[in-house]
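Take a look at the structure below.
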Amino acid sequence: MVIHTPVASPVPPSSPLMAEPSRAQNLSVESIARAQNFNGSFPYDDKHLQFIVGADGISRAQELPTTLKQLGGMSNAQEATKMLIWATVITFVCLQKKFGREKDSWEMLAEKAKEYIEKELVELGLEETLVAKTVNELESVASALF
């Protein structure tokens, strides 16, 4: 009889070298904070989106809302920015919905995310007077994912 023993990961889960949470980790404010980029955005990739909305919601999370699709041009850089904005909105809404009682622990994280969203919307050509309304619309669409 052969006994298999698990091999320890070379990078412990709490290590700062693991910037993005693994699917095996539980969703927590800490795991979300680790995924945030320096500029305040969150990654738009399957791993992060599935971690935030779950396997059932990933296909809907990957679809950019019309509000975002209509902004700016169609260059690769602008499309990438729209995707990061959307992932950041989804993650921000996740914090509100799932960790509302822990707001003190994620308030600064959310503030940085909101600043990123607002700045990038303006850079995509949205008038500053429409930013708050647009963010509210995006948050409303993202809320349906939870």
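Hey, Val122 hits all of (1) free of Cβ contacts under 8 Å to residues at least 24 places away in the same chain; (2) touching a Ser or Thr at 6+ places or on another chain (Cβ under 9 Å); (3) among the β-branched types (Val, Ile, Thr) but one; which does it fall short on?
Val122 satisfies every listed condition except (2).
Go through (1) aliphatic (A, V, I, L, M); (2) in contact with a His (Cβ under 9 Å, 6 or more places away or on another chain); (3) in contact (Cβ under 8 Å) with a residue 60 or more places away in the chain for Ala87 and report which single condition fails.
Of everything listed in (1) aliphatic (A, V, I, L, M); (2) in contact with a His (Cβ under 9 Å, 6 or more places away or on another chain); (3) in contact (Cβ under 8 Å) with a residue 60 or more places away in the chain, Ala87 misses just condition (3).
Of these, Leu68, Leu109, which one is assigned to a helix (DSSP H, G or I), closer than 22 Å to Glu128 by Cα and touching a residue at least 24 places away in the same chain (Cβ under 8 Å)?
The match here is Leu68.
All but one of (1) at pLDDT 95 or above; (2) in a helix (DSSP H, G or I) hold for Asn39; state the number of the condition that does not hold.
All conditions pass for Asn39, except number (2).
Which residues, counting only those in the stretch 120-139, are part of a helix (DSSP H, G or I), over 21 Å from the mean Cα position of the chain (by Cα) and not charged (D, E, K, R)?
Matches in the stretch 120-139: Thr129, Leu130.
Let me confirm something: among Val89, Val122, Val141, which residue is at pLDDT 95 or above, crowded, with 16+ Cβ neighbours inside 10 Å and touching an Asp or Glu at 6+ places or on another chain (Cβ under 7 Å)?
Val89
The values are calculated or read from the model by the stated rules, or taken from the named source; none is laboratory data. A quick note: this is a predicted structure, and the numbers were derived from the prediction, not measured. Cβ: placed from backbone, ideal geometry, glycine included. Neighbour counts: every protein chain shown.
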